[in-house]
Structure formats: C-alpha cells, structure tokens
Amino acid sequence: MLITLCYVYLWLRFRSCYALLIRSCVHQFHRTSSFTFCTHSQEQGKKIPSGRPGEEKLCLKLGNKAFFIDHSQLFEDLNKWSLLLEPPSDSDLGGRRIAFITETSLPRETLSAASHPPKKVRKLSEYCLSLALCHGDSSRLLAEASVDNFSELGIAFMEDRLQMDNGSLPQKITSVQLRESLKHKEALEEVSFSTKRTSHQELNVSASEENRKEDMGVAESTTVVHSHGGGASGGTDPNHGEGGEHPHLHLSSCHECLELENCTIESVKFASAENIPDLPDDFSSLEDTSDVGCPKKTSNLNKTGKPPNVLIYGGSLSQDLLQQVKDVLLQCFDPCRYVVYPLPEEQVLKVPWMDNCLLLVVVTSDPIPSEVQNLFTSYMGNGGKILGLSSSFTFGDVSLVRRSQLQESLQAFVFDRPNRDPIGLNVISSGYVYETDGDDQVQGWGYIDNDMQDVVMVHQTYGDSGGEAVLCQVRLEMAPQSQMDPDLGTFDSLKLSNPQRHEVLTQILSSLGLDCEISSIPPLTPVYLLTARQEDYPDVLQWVQSRRNKNGLIKSSKMSLQICDSPLAGVDITPSLAPLVTGEESFTSEDFNLDKYRENLQTEKLGRVVMFSEVTTSTFNLLDGLMFHEPKEMGLIAIATRQTQGKGRGGNIWLSPRGCALMTLLVTIPLSSPLGQRIAFVQHLMSMAVVEAVRTLPGYEDIELKVKWPNDIYYSNLMKIGGVLVNSTLMGNMFYILIGCGFNVTNSNPTICINDLIYEHNKRYKTNIDPLRVDTLIARTVTALERLIQMFQKEGPNAILPTYYKYWVHSGQQIRLGGEDGPLAWIVGVDDSGFLQILQEGKDVVSVHPDGNSFDMIRNLIVPKHS
C-alpha cells in the first residue's frame, strides 16, 4: 500500500493524526487483514513492510512502537490454550469485532501514570473480553474487542499508555481470524468462568451511529480527513481492499497537500516521533469523536461482571505473610483461571479496585479504618464477595469476642456448612469467636469442638445484589509449616489435617463463586535427550539414531519417539507419539537444571543418559522402546516434571503434582548375582537411596525421612512422602528392571514435602539449612542407589540391613494380622529375600510376601490383598 506524503504532513501538522490513521485502517480492513502493534524488540527478525507502490502493507512508527498491516492470520488451535470464555456471537458485539493475541515480555515493568501526566494509563480489560490463556506461557492472551475498542487500545499502545491488568506492558498485539470451528461447543473446553470489559469505554455502538460512520467513509472527523474515491461511501465496503486497492487519506482543503499530492514518494517506511514538534497532548476532542452521540452500552456476556482478579487486603501485614496467603489460595484453584493481586493499604482508597475484583480476601487482624470498612460494604452492596481469614472485618449484627484461652492454640474445628457432611480437623485458633443477634442473614458454618462450641466461621449475605461474605477465625490461610508454634506435636497434627484444611478452604472459595475444579490436563511436551557428561553425547546420539526405523521413529508398544534436532512447531504430541529432541542447546526448564544434575551425579553408569519431559504420560513409557537395547556403559533415566498417567502398586493412580521428583531408572542385574537371587531387595534399596540422598548431606542428618516396608518413603511414621514401583523382566540370564520413583520435594499439598520438613527443622532448632531442589535430589538418589547396589553385590543383605533398620519405621511395631480383630504380632525385620518377618505370640517367625499382602500403617494391620 502506497503511503503518500500527506500522511507525513498530517503527522507534522496534527500530532494525533496517526490515531485517525489507525482507526481508519482498522475500520476498513478488519475483515481482510491482520493488524500488528509491536515494539522494536518484537520487530527484530521480521521484515518490516516497505510501503512501496503495489504492496498491501502500511507501516507507522512512533518512537519505539510500530503499527503495520499484513495478511490475515488464522487462529484455530486451542490445544495449548486454556479457554476463559466462549467467543461471543455477532449479535453480542454488533457483528463487528476483532480477535487478537497480546504478548508481554516484561512482566515486572509497569507504566507509571506519573511519568506521563497528560496521558491516562489504560488497562487492557477496559477495551476487550479475555477469551483464552496460553498453557505454560502466561504472557500470551487471546482476547476480542469491538472494532472501535480495538482501535482505541492500539492508539493507547502506540502512545505508551496501555497496561495489562497485572501491570505488565504489552509488547505485541496481533489481530487474528477465528475459524468457525472455534465456536462449536464440542471443540471447546467447558466454560469455567467469565470475564468482562469493565471500563466506561463503549463496547458497542448503535446501528444508526455505525451506519453514519460508514456513510462518511472511514473518516472519524471529516474536517480533517476523508476517503478519496468515487462517492461518499466509496471506501466503506468491508470487503474493499481484497484486490489490493486501498484508498489514500488526504486533507480535504489544504493547498500544501494538493501540491504535494502531485508527487510520488518511492518509499516512506516510518513517520518518526523524533521529527514531530512539541504540541499539546490534549487531543481528546479529536480522538473521541467516534463517541459523540453514541449511547453507552455494557456487555451482558459475563454473568459476574468481574475480571478474574482475587485481591488480598492485608493492612500492615508483611509482604512475606501476604505471599504465604497467596500461595495457599493458588493451591485451591487453577492459577490459569484466576490472578491473585495484593491490595496495598495505601491504595485501597485511591485505586478503583471494586470493578476489577471477583473476590476480596481480608487477612489483617488490625482494626479496619471506617472509610475502608465503608468501601468493603459498598463493594458487597454491588454484589461483591469477601472472604475474611483471621481478620477484624465484621459487619451487620456480627461481632467479635476475644477468647484468650483459644489464642494461637491448637483446637479441634468442625466445618459444618449446611447441606454438606461435617469435616473435622485440627487448626490454630486466632483467639476470637463470633457472636450474632439471631439475624436470618447469618449462618454459622464452623465451630470449635469444645463445651461452648464457640462459633468461629459464619456466612453472611448483604444487600439485594448477591453480596456475601464468609468470615473465619481459624488459620486456614496459613500452611502448617508457617504456623508460629514450633512444637513438633502441633506441626504433626496440622500436617495430618492438611488435606481437610485444603478441602474446607476449597469449599468456601467455591461457595463464593470461584471454580476450584482443577480439570485441565496439562498438554504433553517434547522429550529431550541429555547426558550427564558432555563428552558422552556423540556416542549416545549415535546409539539412539541407530534404533530408529526408516521413518525416524523409535517404535514402542507404549510410546513411540520421533527423532528431531529441535522442537517441531505445530506437531501434535499424543500419549503414543512424542518428539525426541536431540539438540541439547535448545533445552531449558524452570524445574530441572541440567548443570545441577551433572554436579550432583557421581555414578559410574546409572543415570548418565537422561530423557527429560516437562509433561509426559509416564516416565515408564519413555524407556519402553529402548530398555532392552541399552549399551552396557550407558545408564538410562527418564525424568519428568508432571505425569498425566502415573501408576502405583496394584494399579493405583500415582499423583504427580509439580514439585515432585519423578523418575524411572533402568537397572540391569545378572540373575546369578547376589541381588539377582534376591530381586525383592531392589525396592528397598531405592527407598533407602531417597532417604540417604537427604540425610547424608551435612546438616540434614536429623530430617525425619524414613522407609516403610516394602516400598514407601515416610515422614517419621506419620505421612507418606513418596513411593517406589519396580517392574522386572528376565531375559536370558539378565534382569531388566525399571525402577519408578516419585517423592515430594517442594509441593506441600495435599500432604507434605521434604522442604516442609527442612522448614520445620530450621524453626525448631534455630538452624538455617537450605531447601533442596528436585534436580539435586534425583542426582543424589541415583548416586546413592548405585553405591547400595554395589555393596549388596559384594556382601549380600548384611551390607545394607543395618542402614535399612536405622531408617525404617517398624522397629518394635505391634500389628494385627488379617483385620482389626486378627491375632496380635510383632514386626521382627526382613528375611534374606527381602520379605517382612513377623512373630506371633506362641508361634514361629514367618515371612510376609509384599505382593500378596498390604501393610496399613494407619491402623497397624497386615491384610491380604484382594484382586
């Protein structure tokens, strides 16, 4: 598209004429072209339109921002996106709308209104509806806006006054065409929550006003610019431009422009802001002409009328404590669906937060100023929801009464929400209880299980618009390891009740309108081929390539691997087929640092060839096609951040949240060797290796990790922290053993993790040992396992049993056989084959086989398994 010099003249004469240019282009070509707003950093590597005659592209540069028109881009792949809202119908947005993708690359950089005093900073949600978020890349958002609003957000972007709702800066905005298939319900995820544009900017324009603008061409102000062509409506056909004939803009009555129009400009790439003289920034009358005479309308697409923002008001609470509350909330719902922000005390009266808040969480115990209290009740009067957690906030006929005997003490709490089964758990009380005057709008939802049954949780409605609050005076907002009491018994009681605490908090959030179903399964990711020693990589690569067929596949009954040099864009990864990326240089991961793994792996063979995937079905499946062909000098290990189809013993589902160390290790054991003759010991050795990986570190010797027969890792004798699953195949005179192992390192919920134990140890003993990393512990576990296998092969069971008994939880344990009414017996130890030995009074010692019996630690029972 030819840019005539009149554009440059308009730019120089009227500083904001680029706004008219943007509006005009968007109005004319919104159905046939793609509009891109970007910064210079986003332009790098992309050919910028040249503006030569015959090209259907326009490029405008303002400072470090650019706007250009390109060919229409289709968007139809939702596999890597979490749907927020179904695209509205044409009637919802007046039949003229633009879908677009925003990208942010500076999540911590924010605009400062003070640094741009004449310009008002705008939030993205003021102009659009959010539709979807990209999995694993929260910087990418799919949204939709009316044609007018898309023009306005583009102008705000070019003027450096557009923010995302979290305060970060958009770096690129690209319009896309949504395929019809995107709208079909069967192609969409279940709509889990709604969002809505919440500003006073109009989303729709009246039909008469829309027609009035089209009858004028696309000019927003005919005193400045108009369409040059045959007739007043010559440039208004929405399909106009498909043949490449784009109308040119010029001044309607300007002698200089008429003279300049006789000249042809060979190329005008940019109009540069540096060449513009200083003129007033207040061009609101010019920029807002599209709003004149247009009735203000609001969208009815969102039932809640709120963006997915959860705000935390903590008063003078420290940032560390606010972060702890935020972490607890994010564990109760999908962080891809909701965004949690602090609401600082100094901003609560200055920032218009109410329109952008889905749920307000109040966590301060300090008295709340009256003006803040009035804002909170006004928020509920407009349908707002409040969750009070150990806070001083009350309203209506509910008052707080202090109970000094309850303050910061461990109490038995009963959550008794109407029409739900009661849930009992141990909690820390704040020391306050609620009293009411029998108001019908107040329901007791929870009480301390004492003689007085003190009410410590109430549900309260407010106003006629659906406002409500749940107020609580037990510390559901604090994880057990964050509680003030360093007593070990308190910590143990709180951790045992942690699943119930999580359930109660989730029920409360659900009752206040949040969707707490973590239903989205993360998409599968490529597999990377890595080595513990860089010098081994050429040999490993040669071996892997030798295993592929003519199609480049390593075939397997469970998962085939497609060998490629780098991640393939647009390739579908399925449970049965995944790319195996052989280029180490392209590997990055937030959860697995290859250098840390290399630094801590001290083995001769095990774990030296790594197959890593962020998300896979099962680490067992990754090794299925290679396990019988492994060269003697190579030790295969599969590592993942998350599993979607993890398995435990007996076909149980193996939960594998982020923060869990997940691996499958290939070990070969000769049948005739000491361990080959006692293969049941392999699971014991692996459990020991996990414990030794932690407890042999200087300073970590007293971290209470234990082993439970036959294949579990425990915290003391209270809670499971991990498990081992062993599959062995005998081929000829060699056992091929896949050892699957998962243990919690950084994930506190729903039970406990190793870093919880470290945190508690530091608090109780005034130490300062560091939390541990997943990559470090996997490497140390594999190192410990190789050493234990070598010891066993040299000296048999006696080489490892003293250490095993040192770490196991069963010393002197009394149990019952077969059921709660079964005969009493004592655990003695393990026999030479690795089976549990028990002594029943008046009888001989007998061995219990792990595959035929189950050990219930909670009830101290050994019971036969049932098929």
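If contacts are Cα pairs under 8 angstrom and at least 6 residues apart, what is the relative contact order of the range 716-773 in percent? Result for the range 716-773 is 27 percent.
One equal scatterer on each Cα of the range 609-761, no solvent, Debye formula: the resulting log10 I(q)/I(0) at q = 0.13, 0.18 Å⁻¹ is -0.61, -1.12.
For the range 531-686, the mean projected area of the C-alpha convex hull, equal to one quarter of the hull surface, is 10.4 nm².
Using C-alpha pairs below 8 Å separated by at least 6 residues, the relative contact order for the range 313-398 is 35 percent. When you restrict to C-alpha pairs under 8 Å that are six or more residues apart and normalise by the size of the range 650-783, the relative contact order lands at 29 percent.
What do you get for trypsin sites (Lys or Arg not before Pro) in the range 308-396 restricted to DSSP loop and a cutoff of at most 10 other Cβ within 10 Å of the site's Cβ? When the trypsin sites (Lys or Arg not before Pro) of the range 308-396 are filtered for loop state and at most 10 Cβ neighbours within 10 Å, Lys350 remain.
In the structure shown, do any of Lys596/Lys763; Lys708/Lys806; Lys706/Lys806 have a Cα-Cα gap over 18 Å, and if so which?
Lys596/Lys763
In summary, the range 337-430 shows an alpha-carbon radius of gyration equal to 1.27 times the 2.2 N^0.38 Å reference for compact globular proteins.
Read the figures in this text as sums done on the coordinates, not as results from a lab. Owing to the predicted nature of the structure, the values given are computational and were not obtained by experimental measurement. Positions of Cβ are generated from backbone atoms using ideal geometry, with glycine treated the same way; all protein chains shown enter the neighbour counts.
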